[in-house]
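Undergrad: Below is a structure I'd like to ask you about.
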Amino acid sequence: MNAPGCNALLAFLRRWQNWLMALLLIVVVLAGIRFWPRPPLSAHAPGSSAVYDDHGRLLRLTLSRDEKYRQWIALDTMPRSLVMSVQLHEDQWFHWHPGFNPVSLARGAFVTYARGGVRQGGSTLTMQLARLMYRINTRTPRGKADQVMRALWLEMRYSKHDILEAYLNYAPYGRNIEGVGAASLVYFGKPASALTLPEALTLAVIPQDPSRRLRHARQTEAHSPEATHGDPAPASGMLLDARNRLYARWRRSHRADALEDALFKLPLTMRQPQQLPFAAPHFVEQVLDEERITARIPPRIDTTLDLPLQHAVERQLQDYIAHTQERGVRNAAALLIDTRDMGVKALVGSTDYFDRAIAGQVNGTAAKRSPGSTLKPFIYALGMDQGVLHPRTVLRDVPTSFGPFTPENFDGRFLGPVSATDALIRSRNIPAVWVASQLNAPSFYEFLKSAGIARMASEKHYGLALVLGGGEVTMQELATLYAMLANRGVLQPLRFTTNAPHAQGVRLLSDEASFMVLDMLRQNQRPDDTVSGQPTRMPVYWKTGTSWGFRDAWTAGIVGPYVLIVWTGNFDGQGNPSLIGIEAAAPLFFRIVDALQARDPGMREPAWTMPAHVKRVEVCLASGDLPNAWCPQRATTWYIPGKSPIRVSTVHRRVMIDDRSGLAACPPYDPSTAHAEIFEYWPSDLAHVFAQAGMPRRQPPAEPICKASAAASTDVANADGDPPRITSPLRGAAYSVRRGHAQEERIALSVTLDASARHVFWFVDDAYLGESAPGETMFWPAGAPGTHRVRAVDDQGRSDIRALRIVAEE
């Protein structure tokens with residue numbers, strides 16, 4: 001630049017420097033106002049939360065903290081037709097004015113005050129937003145001036161995009177509905193992004209006079225013969241006239257939309273707030289409660305629930321309870337889990353959420369209750385992992401004491417020898433408690449703690465009663481346990497929302513044990529198969545449970561990809577003899593199973609592979625052990641090599657009988673005077689159960705008195721006999737006696753003997769006490785306080801030893 005030019009510029013700057021500095025200051029101030037940190041307009045008022053199922057179906061629209069339906073949505077997600085129609089109807093110069101339109105204000109003032117016509121405000125969208133946000137009374141000139149100043153303030157701080165977005169989210173839509181997000185859900189049952197042009201233009205005209213237009217709409221609905229409770233009703237003539245006038249203006253600038261004319265000739269149906277969905281109430285409330293704990297509730301929550309499945313389960317519960325009320329069974333709950341992703345697909349916390357008589361608003365799936373026998377499968381699974389049993393192991397269902405705990409079976413009877421599979425599916429208590437008593441690292445209590453069962457007392461508090469439902473679990477906790485079986489021993493948490501992470505899970509059972517327990521449960525025949533029901537087209541792995549005092553009836557199981565838990569009872573905890581798992585819960589369980597298969601005929605189990613370390617082995621049915629040469633009935637079972645208990649059976653034994661005397665013969669045997677017979681050698685406690693049941697077994701012959709050389713023969717029958725098993729005194733128990741009166745107290749001594757034994761000899765601290773026969777009880781006058789050693793020796797020389805502790809009391 002040449003010298004004259006520079007001089008001219010300097011002269012100009014000196015002349016106007018004050019004005020330029022003032023202008024620069026204004027620019028800096030305006031920039032500071034615009035870019036100074038400020039809260040987003042969405043934070044001005046609390047919003048509602050919309051809860052959806054896994055396919056985007058609305059379950060509930062909640063009220064905000066200030067009791068409004070207000071759903072904030074981004075401007076970019078709103079249909080362009082809605083945004084443009086609002087500007088066309090309310091403020092065509094929105095993008096050009098600084099927050100107020102002087103021409104509109106002057107026209108409104110002239111019509112209102114000079115001509116005395118219908119009141120006109122002349123407000124821009126920014127001014128309307130200011131009125132809504134700051135609760136300004138704009139019916140007076142002072143209020144209008146305040147509104148203008150507030151609008152200017154908003155324009156200086158926020159962009160046109162932000163202001164337009166905020167207006168569309170705060171605009172009044174009648175009653176307690178604000179914003180197009182909530183209005184579209186309430187009136188049209190869809191998100192704003194899915195609005196048609198007629199629906200968008202309808203929402204555009206409502207905020208100008210919502211009370212009159214919607215009040216007339218409600219009156220029209222009340223008198224319309226087409227409207228029924230819960231159904232959308234035709235929109236009113238006043239609202240349609242306003243919408244059609246806006247559409248006529250729209251058509252002048254949107255010639256290409258001539259095809260939309262047909263839509264505007266169709267009836268426009270609108271719903272009312274009372275018709276908003278209120279689906280799966282217990283599920284939705286649990287989701288909202290969990291969101292409140294973790295963070296601020298988001299405006300949209302996508303859940304794992306399947307609404308059609310939810311409705312199907314609800315119908316089954318309602319129909320079932322309607323037929324069982326005469327038996328005093330007034331309530332039920334059900335939970336359906338997809339084991340593939342652990343998503344909750346249906347959750348019914350009570351039969352009727354709105355019935356106060358049954359405390360319907362209580363979520364039965366989250367309540368702690370005694371599970372009865374539904375936990376038994378996990379006892380057997382732990383036993384398999386710890387080498388205690390396999391599916392064909394024969395367990396003793398006989399009167400048994402476990403320390404101070406003496407359990408009984410539900411039916412008060414004993415079956416004697418029973419396979420582990422039959423013991424599980426027939427829910428026998430004694431075998432289950434025995435298996436639990438053999439568990440170690442982890443015990444059953446430790447397993448439940450690891451599985452996340454909450455609010456458990458100490459292990460000593462429960463003892464072995466935990467096996468029979470002495471503790472309490474929720475339906476949701478029980479569902480995670482059964483899903484663990486379906487997922488082959490891997491425990492994963494339930495998922496209620498789609499954004500919940502897919503946990504890797506924790507392995508608590510082996511793949512092999514989970515597989516074998518499922519195979520055992522699969523053999524549990526559904527209760528209606530032999531009557532009128534049809535067998536299911538796929539395996540159902542299920543177990544029933546009945547709590548103490550007949551307060552709760554359960555059925556839990558796995559069908560296809562789902563875990564289903566069903567509970568029937570009453571929330572007041574009142575006992576009812578009808579509340580038996582197989583009678584009160586299993587029929588409802590299979591109703592739901594049948595409904596699932598009817599709804600999805602192609603439903604199948606998720607693909608799985610055979611565990612690598614599971615093998616088949618032949619066993620003797622009578623003992624569950626490897627068959628010896630004389631076992632008449634055999635079968636195969638699953639077992640884990642190197643872990644499952646496998647030994648040779650000793651129940652069936654060959655005995656040589658002397659033809660002349662009919663007694664056992666001594667070796668060497670003369671084929672001309674002796675023959676072989678096979679006898680069953682049952683322990684004395686099992687033989688007693690057989691006798692009580694009217695099925696006594698043939699008594700094996702007494703062992704002959706033979707020469708020493710002969711007795712050493714390998715063919716002697718008692719070579720494989722079991723040693724005695726002391727049943728009293730109880731293991732680990734302490735016996736109390738009065739100080740100074742120990743000799744007056746007597747302690748019972750009893751034992752279970754092998755069938756080959758005829759007598760047992762008792763010793764206490766190596767001192768001979770006496771002799772008893774099988775099934776007889778010996779009584780010992782209590783000795784001095786302290787620990788004593790009790791020993792039982794049968795007439796075959798086999799023995800058992802138990803410690804006996806005596807405590808003196810005053």
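The values are calculated or read from the model by the stated rules, or taken from the named source; none is laboratory data. Please read all numbers here as calculations on a predicted model, not as lab measurements. Reconstructed Cβ throughout: ideal geometry from the backbone, glycine too, with neighbour counts over all protein chains shown. SASA here: full protein model, heavy atoms, side chains in, ligands and nucleic acids out. Shrake-Rupley method; radii C 1.70, N 1.55, O 1.52, S 1.80 Å.
Undergrad: Given the conditions (1) part of a helix (DSSP H, G or I); (2) at pLDDT below 85; (3) open to solvent by 20 Å² or more (accessible area, probe 1.4 Å), which single one is not true for Ala217?
TA: If we test Ala217 against (1) part of a helix (DSSP H, G or I); (2) at pLDDT below 85; (3) open to solvent by 20 Å² or more (accessible area, probe 1.4 Å), just (3) comes out false.
Undergrad: Collect the residues in the range 759-800 that are of a type in the set (A, V, I, L, M), surrounded by 19 or more Cβ atoms within 10 Å (Cβ to Cβ) and modelled with pLDDT under 80, keeping them in residue-number order.
TA: The one that is of a type in the set (A, V, I, L, M), surrounded by 19 or more Cβ atoms within 10 Å (Cβ to Cβ) and modelled with pLDDT under 80: Ala782.
Undergrad: If you don't mind, another one. Collect the residues in the range 477-517 that are in contact with a Gly (Cβ under 6 Å, 6 or more places away or on another chain), over 21 Å from Val559 (Cβ atoms) and small (Gly, Ala, Ser), keeping them in residue-number order.
TA: Across the range 477-517, the qualifying residue is only Ser510.
Undergrad: Quick one: what pairs do we get from the range 452-464, first residue assigned to a loop (DSSP other than H, G, I, E, B), second open to solvent by 50 Å² or more (accessible area, probe 1.4 Å) and modelled with pLDDT of 85 or more, C-beta under 8 Å, 6+ apart or different chains?
TA: Gly452/Pro493; Arg455/Glu472; Met456/Lys449
Undergrad: Taking Pro493, is it at pLDDT below 95 and surrounded by fewer than 19 Cβ atoms within 10 Å (Cβ to Cβ)?
TA: On the way: at pLDDT below 95: no; surrounded by fewer than 19 Cβ atoms within 10 Å (Cβ to Cβ): yes.
Taking the combined requirement at face value, the residue does not satisfy it.
Undergrad: Another question, then. Name the pairs: first residue in the range 591-614 and farther than 26 Å from Gly489 by Cα and touching a residue at least 12 places away in the same chain (Cβ under 8 Å), second residue acidic (Asp, Glu) and surrounded by fewer than 15 Cβ atoms within 10 Å (Cβ to Cβ), Cβ to Cβ under 8 Å, at least 6 apart or on different chains?
TA: Pairs found: Arg591/Asp319.
Undergrad: Return yes when Thr544 is open to solvent by less than 20 Å² (accessible area, probe 1.4 Å), part of a strand (DSSP E or B) and at pLDDT 95 or above and no when it is not.
TA: On the way: open to solvent by less than 20 Å² (accessible area, probe 1.4 Å): no; part of a strand (DSSP E or B): yes; at pLDDT 95 or above: yes.
In short, no.
Undergrad: Can you tell me which residues in the range 796-810 are touching a helix residue (DSSP H, G or I) at 6+ places or on another chain (Cβ under 8 Å) and under 20 Å from Gly721 (Cβ atoms)?
TA: Going through the range 796-810, the residues touching a helix residue (DSSP H, G or I) at 6+ places or on another chain (Cβ under 8 Å) turn out to be 796, 806, 808.
Residue satisfying the conditions is Gln796 alone.
Undergrad: So, one more: How many residues, within the range 56-91, are closer than 14 Å to Pro299 by Cβ and without any contact (Cβ under 8 Å) to a residue 40 or more places away in the chain?
TA: Looking only at that region, the number is 2.
Undergrad: Something else: Kindly indicate which of Arg413, Arg428 is open to solvent by 20 Å² or more (accessible area, probe 1.4 Å) and not acidic (Asp, Glu). Steps first, answer last, please.
TA: Details: Arg428 fails: open to solvent by 20 Å² or more (accessible area, probe 1.4 Å).
Going through Arg413, Arg428 in turn, just one is open to solvent by 20 Å² or more (accessible area, probe 1.4 Å) and not acidic (Asp, Glu): Arg413.
Undergrad: Search the range 157-208 for residues being part of a helix (DSSP H, G or I) and of a type in the set (Ser, Thr, Tyr), and hand back the single one that is surrounded by the fewest Cβ atoms within 10 Å (Cβ to Cβ).
TA: Among them, the one singled out is Ser193.
Undergrad: Looking at the range 757-797 only, could you name the residues that are over 27 Å from Glu703 (Cβ atoms) and touching a residue at least 24 places away in the same chain (Cβ under 8 Å)?
TA: Residues satisfying the conditions are Asp765, Phe779, Trp780, Pro781, Ala782, Gly783, Ala784, Pro785, His788, Arg789.
Undergrad: Turning to a different aspect of this structure: Looking only at the range 672-686, filter to residues that are without any contact (Cβ under 8 Å) to a residue 40 or more places away in the chain and in a strand (DSSP E or B); which one of those is least open to solvent (accessible area, probe 1.4 Å)?
TA: Ala674
Undergrad: Of the residues that sit in the range 469-486 and are modelled with pLDDT under 95 and in contact with a helix residue (DSSP H, G or I) (Cβ under 6 Å, 6 or more places away or on another chain), which one is most open to solvent (accessible area, probe 1.4 Å)?
TA: Just the residues of the range 469-486 that are modelled with pLDDT under 95, to begin with: 469-472.
Subsequent filtering for residues that are in contact with a helix residue (DSSP H, G or I) (Cβ under 6 Å, 6 or more places away or on another chain) retains 469-471.
Values: Gly469: 2, Gly470: 35, Gly471: 6 Å².
The qualifying residue most open to solvent (accessible area, probe 1.4 Å) is Gly470.
Undergrad: Then there's this: Could you give me the residue pairs with C-beta distances under 7 Å whose first residue belongs to the range 184-206 and is without any contact (Cβ under 8 Å) to a residue 24 or more places away in the chain, whose second residue is part of a helix (DSSP H, G or I) and not β-branched (Val, Ile, Thr) wherever it lies, and which are 6+ apart or on separate chains?
TA: From the range 184-206, the pairs are Ser184/Ala192; Ser184/Leu203; Lys190/Ser184.
Undergrad: Same structure, new question: If I filter the range 570-585 for residues that are outside any loop (DSSP other than H, G, I, E, B), open to solvent by less than 30 Å² (accessible area, probe 1.4 Å) and out of contact with any helix residue (DSSP H, G or I) (no Cβ under 9 Å at 6 or more places or on another chain), do I get at least one hit? Break it down into steps so the answer makes sense when it comes.
TA: So the first thing to find is which residues in the range 570-585 are outside any loop (DSSP other than H, G, I, E, B), and the list is 581-585.
Checking the rest, the ones that are also open to solvent by less than 30 Å² (accessible area, probe 1.4 Å) come to 581, 584-585.
Narrowing the set further to residues that are out of contact with any helix residue (DSSP H, G or I) (no Cβ under 9 Å at 6 or more places or on another chain) leaves 585.
Yes: one or more hits.
Undergrad: With respect to Asp302, determine if the residue is acidic (Asp, Glu), open to solvent by 60 Å² or more (accessible area, probe 1.4 Å) and modelled with pLDDT of 90 or more. Give the steps one after another, and end with the answer.
TA: Numbers: acidic (Asp, Glu): yes; open to solvent by 60 Å² or more (accessible area, probe 1.4 Å): no; modelled with pLDDT of 90 or more: yes.
No.
Undergrad: I'm trying to understand the selection: among the residues of the range 757-777, which are closer than 18 Å to Pro729 by Cβ and part of a loop (DSSP other than H, G, I, E, B)?
TA: Asp765, Asp766, Gly775, Glu776, Thr777
Undergrad: So which residues in the range 616-646 are of a type in the set (Gly, Ala, Ser), open to solvent by less than 70 Å² (accessible area, probe 1.4 Å) and part of a loop (DSSP other than H, G, I, E, B)?
TA: Going residue by residue through the range 616-646, those that are of a type in the set (Gly, Ala, Ser) are 622-624, 629, 635, 642, 644.
Cutting the leftovers down to open to solvent by less than 70 Å² (accessible area, probe 1.4 Å) gives us 622-624, 635, 644.
Hits for the range 616-646 are Ala622, Ser623, Gly624, Ser644.
Undergrad: Report those helices (runs of 4 or more DSSP H) wholly inside the range 64-140 carrying at least 2 residues which are at pLDDT below 90 and open to solvent by 70 Å² or more (accessible area, probe 1.4 Å).
TA: Numbers: elements: 80-90, 102-109, 125-134.
Helices (runs of 4 or more DSSP H) meeting the threshold: 102-109.
Undergrad: Now a separate question. For residues in the range 719-740 being of a type in the set (A, V, I, L, M) and under 22 Å from Gly797 (Cα atoms), which is modelled with the highest pLDDT? Step through it out loud before you land on a result.
TA: Kept after step one, since they are of a type in the set (A, V, I, L, M), are these residues of the range 719-740: 719, 726, 730, 733-734, 737.
Applying the additional criterion that residues be under 22 Å from Gly797 (Cα atoms) yields 719, 726.
Working: Ala719: 48, Ile726: 82.
Within the range 719-740, the match that is modelled with the highest pLDDT is Ile726.
Undergrad: Right, Val329: under 19 Å from the mean Cα position of the chain (by Cα) and either open to solvent by 50 Å² or more (accessible area, probe 1.4 Å) or β-branched (Val, Ile, Thr) (or both) or not? Step through it out loud before you land on a result.
TA: Details: under 19 Å from the mean Cα position of the chain (by Cα): no; either open to solvent by 50 Å² or more (accessible area, probe 1.4 Å) or β-branched (Val, Ile, Thr) (or both): yes.
In short, no.
Undergrad: From the list Val388, Val344, Val362, which one is of a type in the set (A, V, I, L, M), open to solvent by 10 Å² or more (accessible area, probe 1.4 Å) and in contact with a Phe, Trp or Tyr (Cβ under 8 Å, 6 or more places away or on another chain)? Steps first, answer last, please.
TA: Numbers: Val388 fails: in contact with a Phe, Trp or Tyr (Cβ under 8 Å, 6 or more places away or on another chain); Val344 fails: open to solvent by 10 Å² or more (accessible area, probe 1.4 Å).
Unique residue meeting the criteria: Val362.
Undergrad: Another question about this same structure. Taking the range 276-299, which residues are open to solvent by less than 50 Å² (accessible area, probe 1.4 Å) and either of a type in the set (Gly, Ala, Ser) or under 21 Å from Trp72 (Cα atoms) (or both)?
TA: Start the filter on the range 276-299 by keeping residues that are open to solvent by less than 50 Å² (accessible area, probe 1.4 Å), which leaves 276-277, 279-284, 286-288, 291, 297-298.
Listed by number, the residues that qualify are Leu276, Pro277, Ala279, Ala280, Val284, Val287, Leu288, Glu291, Ile297, Pro298.
Undergrad: Residue check: is Tyr669 open to solvent by less than 20 Å² (accessible area, probe 1.4 Å) and out of contact with any Leu (no Cβ under 9 Å at 6 or more places or on another chain)?
TA: Working: open to solvent by less than 20 Å² (accessible area, probe 1.4 Å): no; out of contact with any Leu (no Cβ under 9 Å at 6 or more places or on another chain): yes.
No: the conditions fail for Tyr669.
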